[in-house]
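Encoded as structure tokens, the structure appears first; notes follow it.
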Amino acid sequence: MGYVLDFGWLKDAVFLIANGATMTLFLIAVSAVAGIVLSILGAAARRSRHAVLRQLIGGYVELVRNTPFLVQLFFIFFGLPSLGIRLDPVVAAILAMTLNMTAYTTEIVGAGLDAVHKGQREAALALGLKPRQVFVKIVLPQALKVIYPALTSQIVIMMLESAVVSQIAVRELTYEADMLQARTFRAFETYFVITLVYLGMSIGLRRLLVAGGNRFLPGGVR
């Protein structure tokens, strides 16, 4: 006999799927905000006069970008307890996602900072602005506008990669999908529905970020 599709279980699973999606959005909201703030500081530090600071940030970026996210997550959740540091699964997931996000967006933000013409910094300093004011009011807004599409894509990618945190029992969308398919034995239907949910979340998040960029960045985004 051929396989017969059955979505009868779905009406009883909507609440669990919604809870999982909510947790996924919570994880990416916290880690994206924290990661972007830290990446701005990191990108600025990599362009400072302090060689040791530049090397430390550069080493961190290379370490994170050249190791699997799953290994980073397991190191934080399973490795740190050996040193007496035990973290709640959600806290461990947020920490791992934030550290990963920071490494990638540090490079993205750095590219945006480099794209701002040095003459604008010099002109602002000549007008009497302090270096910190120049960075916050002149350089950073222009840099964010240049890199915003790449930043948006990185946030969406990180949201999709958050599926990995189901491996440490964080009850996000993929975790709930695993539980549902184990309970219903309808793996095809379960992961088909979850794929559509992820697709909808990705499209919605991207549109939300673009709308936010158009509202808050000078001149909007492309």
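The values are calculated or read from the model by the stated rules, or taken from the named source; none is laboratory data. Computed from a predicted structure; not experimentally measured. Cβ placement follows ideal geometry from the backbone for every residue including glycine, while neighbour counts extend to all protein chains displayed.
Taken residue by residue, segment 166-174 has no member that is modelled with pLDDT of 95 or more, more than 21 Å from the chain's Cα centre (by Cα) and either closer than 23 Å to VAL90 by Cα or hydrophobic (A, V, I, L, M, F, W, C) (or both).
Scanning segment 1-30 for residues that are assigned to a helix (DSSP H, G or I) and among the hydroxyl-bearing types (Ser, Thr, Tyr), we see that the one that is farthest from ALA92 (Cα to Cα) is THR22.
Looking only at residues in segment 20-72 that are free of Cβ contacts under 8 Å to residues at least 40 places away in the same chain and among the hydroxyl-bearing types (Ser, Thr, Tyr), the one that is surrounded by the fewest Cβ atoms within 10 Å (Cβ to Cβ) is SER48.
Scanning segment 170-185 for residues that are in contact with a Pro (Cβ under 9 Å, 6 or more places away or on another chain) and surrounded by fewer than 24 Cβ atoms within 10 Å (Cβ to Cβ) yields one hit, ARG171.
Screening the candidates LEU160, LEU140 for the property of being under 18 Å from TYR104 (Cα atoms), touching a Phe, Trp or Tyr at 6+ places or on another chain (Cβ under 7 Å), in contact (Cβ under 8 Å) with a residue 40 or more places away in the chain and assigned to a helix (DSSP H, G or I) yields one hit, LEU160.
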